[in-house]
């Protein structure tokens, strides 16, 4: 807003007029060098190795991989009906989980950011953060204990006559769905909260003063303005969910198994690194693909909605 | 960002900041000191090359905890246990890490010993350091799968069968045919298979009168279509360490090994609820062995431990806990004298022994493992 | 004042919706705490297995604290987390500053790379790091990569340093350079500018970044279970391994203790952040905005 802020980053001019003082002029990007080297060594190269393995094959029962003959056959195997079904199942669980998280988190974040008195916000935010700070695995085990057929939840439901017979939810896809929604809920609440908190209450007032109902205010003001938070939340939930390994292992049993476990099995018992690598690459592509598609759809819908519903108000400030 | 904030920042912040910066640095230092102290207070903590430790990579719940603590008090090294559910899992871990796993002892089943030896995963044993080997019966030493005990020493041997919940399954099950049948009917959605690729295959082969070590592609294809079409939708879990499920009555039908069944049944609040079955057609016979991993950081401790458990008194303690025959000469009489519970699950009678067959590693293994992966992918859909 | 009066007016008009929202919020909180409460309750289980509640007592706590495997794994986890926090903070802070103040041709590439690190599933990292560590450590003789602690810190630092970079960058983007320029005009050398002006101003971001790196590392299970070396088993990997064999109440007991530790650390962080006036809202909100403000 001031000229100072608007000026782009420059090296301080004072240094140029210093007489002959030996100044160590380090190249600008030096600070980024350590992390770049680190990532190159421990992320890019290993991942490149994985991609390299995915073009190989398994030469014999007792050898893990070989790359003397390159082919795309492992990708064909990974996309075979048996394994492809797991990709589809994982995608289903991930998409359903993300949507459910959004549905549960939005009213919660709205309540926290808009309806709650400011003095309570810190406390409630801390309460949301505490489960997030608890160990992921331990939280999931908490559900495993609760949902066992001989557990207290099952016994309570039976006593209340809500189910006939012990609870048979554990070790099914439903349990995994519940588990992932639970585990990633804070990751959806937090960005939504931040976005909604930045919402100016005056805008909501203005909307009401102009005769808008609660629904109108919600759909035309609140939701569009919280869009960046929604996008952040969707990404933060969907991406790790697709690769989740722990929740299906703890809650899924045989069914509800997801791609993460499939990839792990290739490395941990089947010793078929080529196939495992191909599956891993396909998983990454699936994540990117879905994010890109959804991102594109949201962007288009956003533009369309804005075009349809926006008003150009006369503005006194420079845009 | 509004105007007043900038001005506020400029003025006395410089003073306030240096104080709080010091607090921040102090806080980090305190945290670092705490972690450092924590590390120092545990002499064997942190580093991978502690001189007084022993890392054992074994099956789940496969040793009496009392025996392990007794070893530590008698000889010194503290023992850490890590577990796996199947031989391929153990082999995969050891071969992927090429000697850097940090494990000293592993427990391969007899059928894997040669493969592991050829793959350079096991150290050749110096039998002079294992004088207690003389206590083992002739049957379990110098075996066809490891002549001269170059790489392995018998830990125990046993067989495979299953348990079922008699309160849910009212009829009597006696064979593998019954097992596969109940899996599709009363126990659907509530039964588990061992995490072992070959064991799962053997249930089909035995039920259909096929040699468990078959390499006939026709048999294997038949197994594949059966297991994927008929059994996969009913599986609830793949589990090798089954005693917890048995003791908590978690499932109706559980594919398991005899010692685990005994542990589970004895720990169950209703000991008669689960019935163990020695299947009538016969079953797999296996021997688990102690072996020393190549690149073991504590080889001497490993030899000491193996020698320690081959002592008849210690071996008896192990047997009374894990419920598997440890192969020591005269162990059966000693166990019965010690009033062992459920000896019928530990000591296999001759008429059952006649029907048991040692598993072998053969050319069909790769296919069997592949079918198992497909089973896991298709399970419980 | 107008806002308060206006919202009072709104409260009267939209009461049913408000009650619904409050109820939803409270139920959501209950949902979030449900398994944690279960774990804490079951930590007082004096039975043999975790699942079957067999009497109340503190035996699990005593057993946990006396179990060398458990205490060792906690130590390993804490050391790894501290190491990760240090590495990630160093790498991330310098990168974040460089990205904001002196971005060059490399900046978009680095941002994409860091973004890629954050969207890579843990399982993919795990399967790529283990063969790599083995190649480096065994085939190439770089013995350092065979040490469990080293492997764990490296593995955890990847995601953590990306997170710290984004947090610091977000914080610095919102800051204009006028202060640093003023210091330069006053003939302060670059290092002094950095330590006396830049660093204190980004202090909340660095603290929240370090904290986040610490807690993320404590939580890391999948990658750790693939690359860990026996004898340096971190806590979550220990639990994961027990999952296959049998879960005991000691695990719930130790988890409750770790939860208390995390709360204490969080409390300290909130206290440090509260004294910083340029954070928005209270300490917790400041932490959140720093976390998510990318």
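The residues of the range A:71-87 that are touching a strand residue (DSSP E or B) at 6+ places or on another chain (Cβ under 9 Å) and either assigned to a loop (DSSP other than H, G, I, E, B) or at positive phi (or both) amount to a single one, A:71. Which numbered condition in (1) at the interface with chain A (Cβ under 8 Å from one of its Cβ atoms); (2) at pLDDT below 90; (3) surrounded by fewer than 23 Cβ atoms within 10 Å (Cβ to Cβ) is the only one that residue C:120 fails? Condition (3) is where residue C:120 drops out.
Residues are listed down the side, and each one gets a yes or a no for (1) over 24 Å from residue A:135 (Cβ atoms); (2) in contact with a helix residue (DSSP H, G or I) (Cβ under 9 Å, 6 or more places away or on another chain); (3) crowded, with 21+ Cβ neighbours inside 10 Å:
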site	(1), (2), (3)
C:146	yes, yes, yes
C:154	no, yes, yes
C:161	no, yes, yes
C:164	no, yes, yes
C:187	yes, yes, no
C:191	yes, no, no
C:195	yes, yes, no
C:205	yes, yes, yes
C:211	no, yes, yes
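Residue check: residue A:50 meets all listed conditions (1) surrounded by 14 or more Cβ atoms within 10 Å (Cβ to Cβ); (2) within 24 Å of the chain's Cα centre (by Cα); (3) more than 7 Å from every other protein chain (Cβ to nearest Cβ) but one, namely (3). Name the residue that is surrounded by the fewest Cβ atoms within 10 Å (Cβ to Cβ), counting only residues in the range C:32-50 that are more than 7 Å from chain A (Cβ to nearest Cβ) and closer than 20 Å to residue A:184 by Cβ. The extreme case among them is C:37. Of the helices (runs of 4 or more DSSP H) lying entirely inside the range C:143-214, those containing at least 1 residues that are at pLDDT 85 or above are C:148-173, C:178-185. Only one of the numbered conditions (1) in contact (Cβ under 8 Å) with a residue 12 or more places away in the chain; (2) within 13 Å of chain C (Cβ to nearest Cβ); (3) buried (at least 20 other Cβ atoms within 10 Å of the Cβ); (4) part of a helix (DSSP H, G or I) is violated by residue A:176, and that is (2). Residue count for the range A:131-160 satisfying the condition of being facing another protein chain (nearest Cβ under 7 Å) and surrounded by fewer than 18 Cβ atoms within 10 Å (Cβ to Cβ): 1.
On the stretch given as the range B:97-126, residues that are within 7 Å of another protein chain (Cβ to nearest Cβ), assigned to a helix (DSSP H, G or I) and either in contact with a strand residue (DSSP E or B) (Cβ under 7 Å, 6 or more places away or on another chain) or crowded, with 20+ Cβ neighbours inside 10 Å (or both) total 1. Return a yes/no flag: does the range A:187-205 have any residue that is in a helix (DSSP H, G or I), more than 10 Å from chain C (Cβ to nearest Cβ) and buried (at least 24 other Cβ atoms within 10 Å of the Cβ). There is at least one residue in the range A:187-205 that is in a helix (DSSP H, G or I), more than 10 Å from chain C (Cβ to nearest Cβ) and buried (at least 24 other Cβ atoms within 10 Å of the Cβ).
Checked against the criterion of being under 25 Å from residue A:246 (Cα atoms) and outside any helix (DSSP H, G or I), the range C:124-135 contains not a single residue that satisfies it. When the helices (runs of 4 or more DSSP H) confined to the range A:209-319 are screened for residues that are under 20 Å from the mean Cα position of the chain (by Cα) and crowded, with 19+ Cβ neighbours inside 10 Å, those reaching at least 3 such residues are found at A:227-242, A:259-268, A:273-309. Among (1) within 7 Å of another protein chain (Cβ to nearest Cβ); (2) surrounded by fewer than 22 Cβ atoms within 10 Å (Cβ to Cβ), where does residue C:78 come up short? Single failed check for residue C:78: (2).
One line per residue, one yes/no per condition, for (1) in a helix (DSSP H, G or I); (2) touching a helix residue (DSSP H, G or I) at 6+ places or on another chain (Cβ under 9 Å):
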| position | (1), (2) |
| --- | --- |
| B:79 | no, yes |
| B:93 | yes, yes |
| B:128 | yes, no |
| B:169 | no, yes |
| B:173 | no, yes |
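Yes or no: residue C:79 modelled with pLDDT of 90 or more and in a helix (DSSP H, G or I)? Against the criterion (modelled with pLDDT of 90 or more and in a helix (DSSP H, G or I)), residue C:79 qualifies.
Residues that are within 24 Å of residue B:355 (Cβ to Cβ) and at pLDDT 90 or above number at least 3 in the following helices (runs of 4 or more DSSP H) confined to the range B:180-255: B:197-207, B:217-226. Restricting the range C:51-62 to residues that are part of a helix (DSSP H, G or I) and surrounded by fewer than 18 Cβ atoms within 10 Å (Cβ to Cβ), the residue that is modelled with the highest pLDDT is C:62.
The values are calculated or read from the model by the stated rules, or taken from the named source; none is laboratory data. Please read all numbers here as calculations on a predicted model, not as lab measurements. Please note: Cβ atoms are built from the backbone with ideal geometry, for glycine as well, and neighbour counts cover all protein chains shown.
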